[in-house]
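Asks: Could you have a look at this structure, given as structure tokens, before my questions?
The values are calculated or read from the model by the stated rules, or taken from the named source; none is laboratory data. A quick note: this is a predicted structure, and the numbers were derived from the prediction, not measured. Ideal geometry is used to build each Cβ from the backbone, glycine not excepted, and the neighbour counts take in all protein chains shown.
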Amino acid sequence: MPSNITEKVSLRVSDGTMMNVCTARPNDVDKHPGVMVFQEAFGVNHHIRSIIDRFATEGYVAVAPELYHRTQPGFEGSYTDFESTRKHIQAVTIEGLTADITATNEWLNGNNYFEEGKVVSIGFCLGGRVSFLANIVLNLKAAASFYGGGISETLLDKANDLSAPQLMFWGGLDKHITPDKINNITEELSRQDKTFANVVFSRAEHGFFCDERASYNPDSARQAWALVKEYFKTYLSK
């Protein structure tokens with residue numbers, strides 16, 4: 001008997017588009033907290049599917065929406081070909097992401113195995129920004145963002161609307177997200193008196209959590225995963 005049940009389902013989004021989501025949950029009849037897992041720039045690929053499976057093993061109903069469903073449903077890019085992702089990234093809008101987040105949350109709330117009111121979010125790269133946005137759009141228990149590019153440029157004016165504690169991870173060697181951008185975020189969250197944790201792994205690069213990327217840093221990834229689990233556990237219990 002498999003330890004987790006996985007499936008792909010299709011959801012209707014408020015703008016009339018259809019969005020596929022990959023899901024995983026424990027193979028039992030109990031109710032579990034939910035976690036929305038938001039993709040890197042490279043789509044809901046093997047790495048993201050492995051993360052929802054890891055969360056299911058930890059006792060979550062996990063769901064990863066395909067954020068590029070408006071431009072190329074099922075897209076999975078190569079980690080050595082960022083250019084192939086560019087047109088999809090450029091087509092993403094806050095309005096569209098908000099609709100996708102809302103549809104994902106509605107799916108969770110309609111799932112028989114979801115424990116009502118207990119939902120968290122996590123995202124990586126592009127998804128790190130989306131997880132931050134989900135914390136603005138929804139009433140979450142907690143949110144986590146890994147190297148969320150674009151937060152300081154596009155979402156800080158909405159930081160006052162963060163609903164839950166926010167955990168953020170960065171790579172100290174990340175050439176894309178510089179210290180000034182991280183400082184802009186932490187300073188604004190402090191100004192807004194938000195609960196957050198900010199973690200910089202000094203020897204890690206962008207994408208350090210992904211074991212399928214050249215930038216993978218196993219020590220930082222292991223430590224970050226342990227902190228994510230504890231962070232979510234703490235606030236789901238409140």
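Asks: Inside region 105-136, can you point out the residues that are in a strand (DSSP E or B) and under 18 Å from residue 235 (Cα atoms)?
Replies: 114, 115, 116, 117, 118, 119, 120, 121, 122, 123
Asks: A follow-up question, please. Looking at residue 193, is it without any contact (Cβ under 8 Å) to a residue 12 or more places away in the chain, among the acidic types (Asp, Glu), in a loop (DSSP other than H, G, I, E, B) and farther than 13 Å from residue 145 by Cα?
Replies: yes
Asks: If you don't mind, there's one more thing I want to ask. Quick one: in region 72-95, of everything that is without any contact (Cβ under 8 Å) to a residue 40 or more places away in the chain and among the aliphatic types (A, V, I, L, M), which residue is farthest from residue 221 (Cα to Cα)?
Replies: Filtering region 72-95 for residues that are without any contact (Cβ under 8 Å) to a residue 40 or more places away in the chain and among the aliphatic types (A, V, I, L, M), the one farthest from residue 221 (Cα to Cα) comes out as 91.
Asks: Quick one: in region 137-151, which of the residues that are assigned to a strand (DSSP E or B) and in contact (Cβ under 8 Å) with a residue 60 or more places away in the chain is surrounded by the fewest Cβ atoms within 10 Å (Cβ to Cβ)? Break it down into steps so the answer makes sense when it comes.
Replies: Let us first name the residues in region 137-151 that are assigned to a strand (DSSP E or B), namely 142-146.
So of that shortlist, the ones also in contact (Cβ under 8 Å) with a residue 60 or more places away in the chain come out as 142, 144, 146.
On the way: 142: 25, 144: 27, 146: 27.
Out of the qualifying residues, it is 142.
Asks: Go through region 152-182 residue by residue and tally those that are small (Gly, Ala, Ser), surrounded by 19 or more Cβ atoms within 10 Å (Cβ to Cβ) and under 24 Å from residue 138 (Cβ atoms).
Replies: Looking only at that region, the number is 3.
Asks: Counting just the residues of region 96-136 that are within 30 Å of residue 175 (Cβ to Cβ) and free of Cβ contacts under 8 Å to residues at least 60 places away in the same chain, which one comes out surrounded by the fewest Cβ atoms within 10 Å (Cβ to Cβ)?
Replies: Looking at residues that are within 30 Å of residue 175 (Cβ to Cβ) and free of Cβ contacts under 8 Å to residues at least 60 places away in the same chain, I get 98.
Asks: Another one. Take the residues in region 183-192 that are surrounded by fewer than 18 Cβ atoms within 10 Å (Cβ to Cβ) and within 26 Å of residue 229 (Cβ to Cβ); name whichever of them is farthest from the chain's Cα centre (by Cα).
Replies: Out of the qualifying residues, it is 190.
Asks: On to the next question. Considering every residue within region 216-226, establish whether at least one is touching a strand residue (DSSP E or B) at 6+ places or on another chain (Cβ under 7 Å) and within 17 Å of residue 127 (Cβ to Cβ).
Replies: yes
Asks: Report whether or not residue 200 is closer than 29 Å to residue 238 by Cβ, β-branched (Val, Ile, Thr), modelled with pLDDT of 95 or more and more than 16 Å from the chain's Cα centre (by Cα).
Replies: When the stated conditions are applied, residue 200 passes them.
Asks: Looking only at region 153-181, which residues are part of a helix (DSSP H, G or I) and over 27 Å from residue 222 (Cβ atoms)? Full working, then the answer.
Replies: Let us first name the residues in region 153-181 that are part of a helix (DSSP H, G or I), namely 153-154, 156-161, 179-181.
Of everything in region 153-181, those that are part of a helix (DSSP H, G or I) and over 27 Å from residue 222 (Cβ atoms) turn out to be 153, 154, 156, 157, 158, 159, 160, 161, 180.
Asks: Might you check whether a residue that is surrounded by fewer than 16 Cβ atoms within 10 Å (Cβ to Cβ), acidic (Asp, Glu) and modelled with pLDDT of 95 or more occurs anywhere in region 17-35?
Replies: yes
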